[in-house]
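The values are calculated or read from the model by the stated rules, or taken from the named source; none is laboratory data. The shown structure was predicted, so the numbers you read here are calculated from the model rather than taken from an experiment. Using ideal geometry, Cβ is built from the backbone for each residue, glycine included, and neighbour counts are taken over all protein chains shown. Heads up: the accessible areas ignore ligands, DNA and RNA and are worked out on the full protein's heavy atoms, side chains in. Shrake-Rupley method; radii C 1.70, N 1.55, O 1.52, S 1.80 Å.
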Amino acid sequence: MAFTPDARPDLPSQYSPAEVEGALYDTWVQRGYFTADPRSEKPPFSLVIPPPNVTGNLHLGHALEQSMMDALTRRARMRGFDALWLPGMDHASIAVQNLVERHLAETEGKGRFDYSREEFVQKAWEWKERFGGQILGQMRRLGDSVDWTRERFTMDAGLSRAVQTIFKQLYDDDLIYRAERIINWCPRDLTALSDIEVDHAEESGELISIRYGDGGNSIVVATTRAETMLGDTAVAVHPEDERYRHLVGRTVALPLTNREIPIVADGHVDPSFGTGAVKVTPAHDPNDFEIGRRHDLPMLTIMDERGAITAPGPFAGLDRLEARYSIVAALREEGRIVAEKRPYVHSVGHCSRCDTVVEPRLSLQWWVRVERLAKAAGDAVRDGRVRIEPASLAPRYFAWVDGLRDWCISRQLWWGHRIPVWYSPDGDDVCFGPDEQPPAGWTQDEDVLDTWFSSALWPFSTLGWPEDTDDLRRYYPTSVLVTGYDILFFWVVRMMMFGLYAMHDGGPEGEVPFRTVLLHGLVRDSSGKKMSKSRGNVIDPLVWIDEYGADAVRFSLLQGANPGADQAVNEEWVVGARNFCTKLWNATRFAMINGATVEGELPAEVDGADAWILSRLNTVLAELDEFYERFEFAKAADLLYHFAWDEVCDWYLELAKIALAGPRAATTRRVLGEVLDTLLRLLHPMIPFVTERLWTALTGGESVVIAPWPAVHPARDDPAATAAIVAVQAVVGEVRRFRSDQGLKPAQRVPARVTGAGTGEAAVRWLLRLDEPGEAFAATAALTTAGGVTVELDLSGTIDVAAERARLAKDLSAAQKERETNAAKLANEAFTAKAPEAVIAKVRDRLAAAEADIERVQTALGALASA
RNA sequence: GGGCGCUUAGCUCAGUGGAAGAGCACUCGGUUUACACCCGAGCGGUCACUGGUUCGAACCCAGUAGCGCCCACCA
């Protein structure tokens with residue numbers, strides 16, 4: 001079978017991603033492909049990037065998230081939407097402040113308070129300029145089709161204006177207030193933290209039982225935090241606890257101090273825990289704070305903001321931990337320690353940023369009153385205005401919004417949005433909007449806002465809010481939000497609350513920030529462990545991009561992206577994805593060498609492999625669209641991988657080699673062009689670079705970025721052609737297996753008679769290296785398949801009778817087992833009475849097939865015996 | 001303490017009522033003119049365990065064991 005190359009490919013023989021990716025990306029941006037146009041006739045499709053923190057580098061989780069978003073955006077663009085993917089970064093208040101502090105300590109040997117606030121903030125801006133650029137560069141390397149003309153930063157002028165505006169609205173609506181409560185305090189970062197910025201970990205500590213008071217007036221309390229006893233202002237017992245009823249209302253002497261504290265009855269106390277009596281430290285424990293409020297107890301702060309004891313006496317100045325040991329020792333000396341349980345495992349809160357043990361602390365802070373906002377956020381999902389994908393994660397969302405407590409939004413930090421409240425010299429406080437000027441002599445609140453406060457505005461602040469802009473009208477609500485399930489509480493809930501509050505659409509309730517929330521899982525290492533610096537298993541996506549190309553990294557991540565599920569990654573998968581790109585490269589080269597074209601209409605008369613592959617294209621496209629609608633990236637990637645490799649490359653291109661040498665070569669060239677053109681478009685959202693390079697070379701078109709998404713052509717469905725190819729595949733598979741079992745070298749040509757293959761005979765002969773039967777032809781083996789194709793081979797003198805007999809015996813026993821299984825089912829009256837007709841028919845077919853198989857194998861065994 | 005999820009081939013994972021799947025790894029064969037980053041052929045699983053429902057269970061129900069995650073004011 002000979003064919004003559006009639007065209008030189010415009011493609012080198014090897015693909016080098018590094019050489020083309022950067023240039024392609026720059027061209028896309030220059031040509032404005034990624035720039036959305038609010039005046040466009042096209043329907044809008046929009047999404048905002050979860051703004052990466054300006055803390056340094058992107059990790060594989062970002063790469064996964066952005067690969068998903070880019071695939072969605074690029075596909076929408078190809079489908080004719082005016083697609084906007086809005087990029088940007090988050091100032092990450094506490095995280096960046098910590099990094100800048102560490103950086104300054106290392107480089108200049110100074111602490112935060114060695115700088116003025118202005119100097120420090122300036123240093124943080126320098127940090128942002130330096131590392132923010134790095135992140136944007138990584139996004140370019142990955143190929144993100146973001147609209148750079150709309151890039152935003154949470155601390156830029158427009159977003160700062162949005163922050164101040166909504167703060168004032170909430171303040172005026174009495175949804176922001178200032179109050180003294182117990183908050184989570186980080187003694188290292190010297191700031192308040194919200195509940196979700198505290199990580200709890202089981203730790204082994206000690207449970208110390210201490211006798212308060214003496215004689216008949218004594219009571220034993222148990223504590224893990226003996227040092228806080230200096231701030232005790234009561235002992236609480238359960239109101240119905242008979243053991244202590246007589247003590248309620250009396251006082252006991254607090255050891256190591258000369259204070260008398262009351263014994264109160266409170267329902268919060270669990271009589272079955274410990275001694276059933278609990279010490280009450282209202283200023284240093286959230287529970288005790290509540291008890292204190294109910295019983296009007298004094299709130300005694302005994303520690304400073306760094307966790308050192310301030311209560312006067314021998315312990316003053318000691319750190320909380322030192323104080324604990326000293327106080328226990330002192331109590332022991334006084335004989336007040338009744339019991340010590342060590343180790344005692346309990347949960348301890350840590351600062352999620354610096355891991356310091358958090359100190360509950362009575363403090364004056366700003367709060368968002370969340371009840372009404374959280375209700376609206378919950379209802380929007382409950383009534384279907386927002387869809388959470390996968391739906392199995394919705395309960396987590398509800399559990400959160402339905403139990404949300406007021407949100408502490410003030411932070412004692414410098415890097416962030418300063419709280420827009422000013423104090424008069426008399427101490428009055430007034431909130432000012434962005435266009436208002438506080439009177440001279442007033443001073444602004446020192447605190448900044450929780451970084452999630454500005455993040456919560458991201459879907460509309462980035463589009464111009466509070467101004468009534470074209471972008472805002474057109475792109476809000478955004479189409480979909482893609483983020484990790486671990487960010488559901490931090491970010492998604494808050495965007496819902498603020499979006500519904502701020503984005504009024506004439507109705508009583510605002511418009512949702514997005515239609516769908518798509519939650520992805522975490523990227524883990526190859527053995528399923530979480531990536532972390534301390535484990536040393538963090539992988540920099542750039543390293544893999546350098547080695548295998550951005551497409552390979554993207555595709556391997558998407559291959560593992562099952563909705564809501566974590567995924568383990570390892571380098572071998574990236575290698576596999578790289579190999580896939582190479583495969584596409586070579587397939588396209590092959591097509592071009594052989595004159596594949598996209599010029600002109602497809603011929604009306606198409607048959608054989610050409611008809612089959614066009615028919616398959618329809619099916620694949622329909623399945624692919626279905627997977628995309630359900631955000632099944634892994635399945636979409638798998639579908640295209642197998643279609644491209646197994647069907648297009650392994651079968652269609654091989655079969656095309658025959659057609660290209662025959663009278664229908666022109667048709668096949670056109671179909672080859674059509675198939676690769678379509679395949680490359682379908683793959684482009686996932687692997688943009690290699691598809692762009694190949695598609696432009698193949699078609700001469702401007703760019704696949706702006707090429708239309710392929711359509712299903714019902715007229716190309718061809719069940720007959722499909723059945724014919726399936727029959728060829730079946731017999732080819734069977735004979736290949738036979739040849740392999742017989743130890744025939746692949747190149748060994750064998751005389752054979754082929755019957756029942758129709759026009760597929762040439763293909764069967766080509767693929768199996770079969771010669772025409774000569775005059776001395778004597779069939780020594782016959783293979784028939786379900787498609788009705790028979791191949792008789794002449795292996796005179798070379799056949800390994802024993803090997804083939806063993807093989808056939810194995811087939812026979814499998815077929816017999818199959819026959820028995822299905823016959824038994826049909827003999828079962830319960831089955832035939834209750835099973836659906838389709839299932840029964842299937843079993844009948846299988847029985848018939850098994851019987852045919854048995855006959856075929858027995859015939860073959862007979863032929864073998866006479867050979 | 002409460003809630004949720006997982007357990008399928010050596011590894012990482014699909015499959016949620018009608019014949020056990022993929023990728024990688026492994027074995028054998030290959031200088032077939034797009035591709036060895038390749039081609040062809042294979043090996044490999046009582047679907048954690050025990051019971052139940054059903055004509056039929058990897059899939060539904062109950063329980064057991066192991067692993068993981070989330071929430072929580074475990075003094």
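Here the average projected area of the convex hull drawn through the C-alpha atoms of the stretch A:479-547 stands at 6.8 nm².
If you bin all the Cα-Cα distances of the stretch A:366-430 at 10 Å, starting from zero, the percentages per bin are 17, 32, 25, 18, 6, 1. Looking at the square roots a ≥ b ≥ c of the eigenvalues of the Cα gyration tensor of the stretch A:503-600, which shape do they give, rounded for a/c under 1.5, prolate if a/b is larger than b/c, or oblate? Judged from the Cα gyration tensor, the stretch A:503-600 comes out oblate (a/c at least 1.5, b/c at or above a/b). The tail of the calculated P(r) for the stretch A:307-374, taken as Cα-Cα distances beyond 15 Å, holds 73 percent of the pairs. Restricted to Cα atoms, the stretch A:109-226 shows a radius of gyration and a Dmax of 24.2, 78 angstrom. Only Lys, Arg, Asp and Glu carry charge here, each on its Cβ (+1 for the first two, -1 for the last two); on that basis chain A has a dipole of about 1680 debye about its Cα centre. Both radii are taken from the alpha-carbon atoms of the stretch A:624-753; with Rh as the Kirkwood radius, Rg/Rh is 1.03.
Computed with a 1.4 Å probe over protein heavy atoms only, the accessible surface of the stretch A:429-534 comes to 38 Å² per residue. Taking every C-alpha pair closer than 8 Å and separated by at least 6 residues, the mean separation divided by the residue count of the stretch A:117-219 gives a relative contact order of 8 percent. A Cβ-based charge dipole, computed about the Cα centre of the stretch A:84-227 with Lys and Arg at +1 and Asp and Glu at -1, lands at about 380 debye.
Would you mind checking the tilt of helix A:157-172 against the longest principal axis of the Cα atoms of chain A, expressed as 0 to 90 degrees and rounded to 10? Tilt of helix A:157-172: around 50 degrees. Counting every pair of alpha carbons in the stretch A:630-678, the share spaced more than 16 Å apart comes to 48 percent. Close amide H pairs (under 5 Å, H built 1.01 Å from N) link A:Ala83 with A:Phe45, residues at least 5 positions away or on another chain.
Calculated mean residue ellipticity, 222 nm, chain A: -13500 deg cm²/dmol, from DSSP H runs (n ≥ 4) at -39500 (n - 2.57) each, averaged per residue and rounded to 500. Listed by chain and number, the lysines whose C-alpha is less than 17 Å from the C-alpha of A:Lys123, apart from same-chain residues fewer than 8 away, are A:Lys110. Among the trypsin sites (Lys or Arg not before Pro) in the stretch A:398-444, those located in a DSSP loop and surrounded by at most 13 other Cβ atoms within 10 Å of their own Cβ are A:Arg405. The tail of the calculated P(r) for chain A beyond 47 Å holds 44 percent of all Cα-Cα pairs. Loop-located trypsin sites (Lys or Arg not before Pro) in the stretch A:517-588 (DSSP state not H, G, I, E or B) with no more than 14 neighbouring Cβ atoms inside 10 Å: A:Lys529, A:Lys533, A:Arg535.
Treating r as the C-beta distance of A:Leu321 and A:Phe398 and R0 as 45 Å, the FRET efficiency rounds to 0.70.
According to the calculation over all Cα-Cα pairs in the stretch A:54-131, the P(r) per 5 Å bin from zero is 3, 13, 19, 16, 12, 10, 9, 8, 6, 4, 2, 0 %. Taking the empirical scaling 2.2 N^0.38 Å for compact globular proteins as reference, the stretch A:722-782 has a Cα radius of gyration ratio of 1.10.
Computed from Cα atoms alone, the Kirkwood hydrodynamic radius reported for the stretch A:13-167 is 17.6 Å. The angle between the Cα long axis of helix A:801-827 and the main principal axis of chain A comes to about 70°, on a 0 to 90 degree scale. In this calculation the C-beta distance from A:Arg387 to A:Glu340 is compared with R0 = 45 Å, giving a FRET efficiency of 0.25. Within the accessible area of chain A, what % is carbon and sulfur when the probe is 1.4 Å and the other protein chains stay in place? Carbon and sulfur atoms account for 50 percent of the accessible area of chain A. For the stretch A:594-728, the residue among A:Val675, A:Met686, A:Gly700 whose Cα projects farthest onto the positive side of the dipole built from Cβ charges is A:Gly700. Find how much the distance from A:Asp304 to A:Arg117 grows on full extension, using 0.36 nm per residue of separation minus their present alpha carbon separation; answer in nm with one decimal. Difference between extended and current length: 65.1 nm. Relative to the longest principal axis of the Cα atoms of chain A, helix A:93-108 runs at roughly 80 degrees. With all protein chains kept in place, the per residue accessible area of the stretch A:720-867 amounts to 54 square angstrom at a probe of 1.4 angstrom. Sorted largest first, the spans of the alpha carbon positions of the stretch A:734-867 along the three principal axes are 56, 34, 23 Å.
In the stretch A:280-430, the alpha-carbon atoms span a convex hull of 237 Å³ per residue. The orientation-averaged projected area of the convex hull spanned by the Cα atoms of the stretch A:398-486 comes to 8.7 nm². Rg of the Cα atoms in the stretch A:558-604, relative to 2.2 N^0.38 Å, amounts to 1.82. Average 1/r across all pairs of distinct alpha carbons in the stretch A:796-856, invert it, and you get the Kirkwood radius: 13.1 Å. Our coupling estimate for the stretch A:366-373, obtained by passing each phi through the Karplus curve with A = 6.51, B = -1.76, C = 1.60 and θ = phi - 60°, is 8, 9, 9, 7, 9, 3, 5, 5 Hz, Gly and Pro reported as x. With the highest mean first, a sort of the peptides A:639-645, A:171-177 on other beta-carbon atoms found within 10 angstrom per residue produces A:639-645, A:171-177.
The mean of 1/r over all distinct Cα pairs in the stretch A:223-354, once inverted, gives the Kirkwood hydrodynamic radius of 15.7 Å.
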